[in-house]
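Here the structure comes first, spelled out in structure tokens, and everything after it is commentary.
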Amino acid sequence: MKSLLLKIVTHAIARPKTALALFVIATVIFLAMVPRIKIDTDPENMLSPDEPVRIAQTQVKRDFALHDSIIVGIVDDKSSTGVFTPETLERIAALSYEIVKIDGVIAADLLSPVTTDDISGDGGMLTIEPLMGRTVIDEAAALRVRDRALANPILKDMLVSGDGTAVLLSVPIKEKHESHRISTEIARIIDEIKAGGAGTEEYHITGLAVAEDTFGVEMFRQMGISAPLAGLLIFLIMLFFFRSFALVASAMIVAMMTVIWTTGALIGAGFSMHIMSSMIPIFLMPIAVLDSIHILSDFHTRYAAEAATPSSDGKADKKAIILSTVDELFTPMFFTSLTSAIGFGSLILTPIPPVRVFGAFVALGIVLAWFITIVFIPVFVTLLSDSTLKKFGSDTGNGTPGNNSTDRLKRFQLSLGRFAVTHSKKIVVVSLIVFGVSLFGITKTEVNDNPTRWFKHSHPIRVAERVLNSHFGGTYMAYLVLTAPEPGVITRPETLKYIESLQAHMTDVDVVGKTTSITDVVKKVSYELNDAADEMYRVPDTSKAVAQYLFLYEMSGDADDLYHLVDPEYAKANIWVQLKSGDNKEMKRVETAAAAYFEKNPPPFGIKTNWAGLTYLNVVWQDKMVYGMLKSLGSGAVLVFIVMTLLFRSALIGALSMIPLTITVAFIYGIIGYVGKFYDMPIAVLSALTLGISIDFAIHFAERTRRLRTESGSWAETVDRVFDEPVRAIIRNMVVISLGFVPLFFSPLVPYQTVGFFFAAIMAVSGGTTLLLLPALMNILKGPLRLK
């Protein structure tokens, strides 16, 4: 393969304009695919359409006419009567009537004081009517609305907060991917209402559906902001190192072509641009730049050294130098690209379709970046004039004497190498201690995720979540469905009492703020039909009485409201479980509590149970992702070790090359455990980045050390030569990537912040381990490694 690629490079630089034209044509072809892009921001598509839990979710939504919802909360902690003043309630009514006009909103199912029915009775007659009208005539009428809602256990903590200060609107929508648009329109309506005169109430918009869709929208927006900023900073840092605009531009062109080719290939293959896929440019940009820096750094040194000779007249044979540079770096660049591709390609083993697509196309992008770098940069260099290259490297670390910054950098590099060799055993001991401490930190890591946490703490969605969950039963909804073997079983008193007991058991879990079921409706009807006697707020003793109560409810009100809790045949019941947190670990606690209850108290009449709802669905796909990532990380590490062994034709050197990767993984995940950050979706995805990049420096270091040892008279001379240009390239890469992604730290999205931190941490830890621990181990094992 090497000889073939070198022939391609030789032919390319012999006809550089033709080669450049071919690159341009290919880029235009891939760029032409972009208008065909299909965007998918729905995390539910993390699961295959035929996944059992997803099929069950669809069935539950169909059985009970359920829809994803946007939560709008109106809170007034400043007024003694909260939002229950005539003026505020009329603004809430006006908001409700405007919301139902929005395209995509299911008007009939809007949960609001003006659309939601209250149950009341008088003289044995049942009355079911909206909690309030459009107008509220006075303070007393406003307080009656509050008191009626608080007297209804179904509405308390769902529609009206238990402290009587807030009202919650639940806005059902036809399509989840419309959540962001609809929430934006609701926010606009709120602004218009407030502009017409508002009190002290505050308006909040949140909900899992809007959080997930908004995250997708903002992530694509950040791709257009953070990625270019990171690219600009990388360009400026490289310009500082190489002082040649043209040559640094070549590295950035390689990165841009890599992103365009890969993205175009993904779209052209018919895949949607999912949330995961949107991060492909962020991952590919630094990887594409890494190889470019190695080539430019080596060319930089060789060209400057030849141009500095007395007979050169300040010029050098650029074609010969770039060919020798490619020849020198071909093997380490090939294997670093191969191992990085394996790291991301291992994601194909995960059970999450968008993650498999992401891994496959990042792996493809890495291979493309390697090919483009190998061919394009020599072509680009060949097209540059001698005058452009004349001062290239003259004052930036080319090894020529007389430059203070150059001398200081070179002295530091040499000192670093000699320190690693002189204090080999101490470095190994310290590394073992750090590794052990890191392993302990890993044991403290907790697997957990919540899409709302993907926003910064100050983001309006997270603020709304905190405020509303402190007032209501919870903004996160899960559904526990009970399915009987035949119709009518749900109306039996034994079944209703079992549901009542199950609800009480789940409510004991502190994260559960409220549960609602068909049992609550039956008990409320019984209470109202029996003159509001407290002792009658219970399940009737006979199925006949239950059937009568439900018949009266259907005749007096809207039967469709009832069918959100039970199916028309009364063979299925749906318990609404409101949670104050959307964390996976909290949903699992509720699921575990219910399972424990079922084990101790089996459901009557052969009833089966299953969970549904976005909160539960997120637990399933995120668990699959997290544990799938761990599996892919393990299998990828094994493949990388095999590749290393084949590269160096030595299991010992292969194992040594894996040490920086092992230390980096342990250290970073240990830190995550110590600081208390959850092992979540962004962290799980970045495990592939750790595997793909952590070993790059080790490959370059080990391969260059082996080659230079054959050219050197002693091990000491080899160390000095390795810690010259090869280490300089590694240090440049460390600095460029670590600092280049600082803009990501300021993103409003936590995953982007995490990516920025990981890039910096991986560069620092893997680079530091490569430059200290690897030479220390090689020094100790120089006999078995034949480096003496």
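The values are calculated or read from the model by the stated rules, or taken from the named source; none is laboratory data. Everything numeric in this text was worked out from a predicted model, so none of it was measured. Note that each Cβ is placed from the backbone with ideal geometry, even for glycine, and that neighbours are counted across all protein chains shown. To get the accessible areas, we keep the full protein, side chains included, count just its heavy atoms, and leave off ligands, DNA and RNA. Shrake-Rupley method; radii C 1.70, N 1.55, O 1.52, S 1.80 Å.
For Leu708, what charge total do you get from the other residues with a beta carbon under 11 Å from its beta carbon, if Lys and Arg give +1 and Asp and Glu give -1?
On the way: positive: Arg704, Arg706, Arg707, Arg709, Arg721; negative: Glu328, Glu703, Glu711, Glu717, Asp720, Asp724, Glu725.
Surrounding charge for Leu708 is -2.
Rank Phe741, Pro130, Thr452 by how far each Cα sits towards the positive end of the charge dipole of the chain (+1 on Lys, Arg Cβ; -1 on Asp, Glu Cβ) and give me just the farthest.
Phe741
Quick one: what Rg and Dmax do you get for the stretch 401-460 from the alpha carbons, in Å?
Here Rg and the maximum Cα pair distance are 21.7, 57 Å.
Could you check how many percent of all C-alpha pairs in the stretch 93-156 are farther apart than 13 Å?
67
What does the charge count near Glu586 come to, summing +1 for each Lys or Arg and -1 for each Asp or Glu among other residues with Cβ under 15 Å from its Cβ?
-2
Using Cα atoms only, what is the angle between the long axis of helix 614-648 and the major principal axis of the chain, expressed in degrees (0 to 90) to the nearest 10?
20
Along each principal axis of its Cα atoms, how long is the stretch 406-558 end to end? Whole angstroms, biggest number first, please.
93, 35, 29
Would you give the gap between the C-alpha center of the stretch 721-767 and the C-alpha center of the stretch 544-611, rounded to a whole Å?
52
Just report the Cα centroid separation between the stretch 165-180 and the stretch 1-46, whole Å.
44
Gly473: net charge of surrounding residues, Cβ under 11 Å, Lys/Arg +1, Asp/Glu -1, itself excluded?
Every neighbour counted, the sum reads +2.
I'd like the projected area of the stretch 209-335, averaged over all directions, using the convex hull of its alpha carbons. Report it in nm² with one decimal.
9.9
Please name whichever of Ile190, Val512, Leu691 sits farthest to the positive end of the charge dipole of the chain, dipole taken about the Cα centre and charges placed at Cβ: Lys and Arg +1, Asp and Glu -1.
The listed residue farthest towards the positive side: Leu691.
Using only the Cα atoms, work out Rg/Rh for the stretch 141-180, with Rh taken as the Kirkwood radius, to two decimals.
Using only Cα positions, Rg/Rh for the stretch 141-180 is 1.16.
Leaving out ligands, DNA and RNA, what percent of the accessible area of the stretch 434-550 is carbon and sulfur, probe 1.4 Å?
Of all accessible area on the stretch 434-550, carbon and sulfur atoms account for 55 percent.
Pairing the Cα long axis of helix 584-600 with the longest principal axis of the chain, what angle in degrees results, from 0 to 90 and rounded to the nearest 10?
50
What ³J(HN,Hα) values, in whole Hz, does the Karplus curve 6.51 cos²θ - 1.76 cosθ + 1.60 give for the stretch 362-378 when θ = phi - 60°, with x put for Gly and Pro?
5, 4, 4, x, 5, 5, 4, 4, 4, 5, 4, 4, 4, 9, 5, 4, x
Taking the Kirkwood radius as the inverse of the mean 1/r across Cα pairs, report the Rg/Rh of the stretch 446-516.
On the way: Rg = 16.9 Å, Rh = 15.0 Å.
So for the stretch 446-516, dividing Rg by the Kirkwood Rh gives 1.13.
At 0.36 nm per residue, and after removing the present C-alpha to C-alpha distance, how many nm does the segment from Asp541 to Lys631 gain when stretched out fully?
27.0 nm
Which value in Å does the Kirkwood hydrodynamic radius of the stretch 705-787 take, with 1/r averaged over all unlike C-alpha pairs and then inverted?
For the stretch 705-787, the Kirkwood estimate is 14.5 Å.
Please say if the stretch 681-726 is rounded, prolate or oblate, where rounded means a/c under 1.5 for a ≥ b ≥ c the square roots of the C-alpha gyration tensor eigenvalues, and otherwise the choice is prolate for a/b larger than b/c and oblate otherwise?
Since a/c reaches 1.5 and a/b is larger than b/c, the shape of the stretch 681-726 is classed as prolate.
What is the percent carbon and sulfur in the accessible area of the stretch 176-295, measuring with a 1.4 Å probe over the protein chains and ignoring ligands?
Answer for the stretch 176-295 is 68 percent, counting heavy atoms of protein chains only.
Roughly what angle does helix 750-780 make with the longest principal axis of the chain, taking Cα atoms, 0 to 90 degrees, to the nearest 10?
The angle comes out near 40 degrees.
With label points built 7 Å along Cα→Cβ from the Cα atoms of Leu383 and Arg36, find their separation and express it in nm.
2.7
For the chain, taking Cα atoms only, what is the radius of gyration to one decimal and the Dmax to the nearest whole Å?
32.6, 114
If you count, for each residue, the other Cβ atoms within 10 Å and average over each peptide, how do 157-170, 412-425, 505-518 line up from highest to lowest?
So the order, starting with the most tightly packed, is 157-170, 505-518, 412-425.
Report, in debye and to the nearest 20, how large the dipole of the chain comes out about its Cα centre when Lys and Arg carry +1 and Asp and Glu carry -1 on their Cβ.
5240
Using helices alone, what [θ] at 222 nm do you get for the chain, with -39,500 (n - 2.57) per DSSP H run of 4 or more residues, divided over all residues and rounded to the nearest 500?
Estimated from H runs of four or more residues: -21000 deg cm²/dmol.
Within the accessible area of the stretch 5-129, what % is carbon and sulfur when the probe is 1.4 Å and the other protein chains stay in place?
Using a 1.4 Å probe with all protein chains present, the stretch 5-129 comes out at 60 percent carbon and sulfur.
Express the accessible area of the chain per residue in Å², computed with a 1.4 Å probe while the remaining protein chains stay in the model.
38
Suppose R0 equals 25 Å; then what is the FRET efficiency for Ala26 and Leu6 from their Cβ-Cβ distance, rounded to the nearest 0.05?
0.75
Could you estimate the translational diffusion coefficient of the stretch 66-206 from the Stokes-Einstein equation, with Rh from the Kirkwood formula over C-alpha pairs, at 25 °C and 0.890 mPa s, in whole µm²/s?
In µm²/s, the coefficient rounds to 160.
Normalising by the residue count of the stretch 199-327, find the relative contact order in percent from Cα pairs under 8 Å and 6+ residues apart.
23
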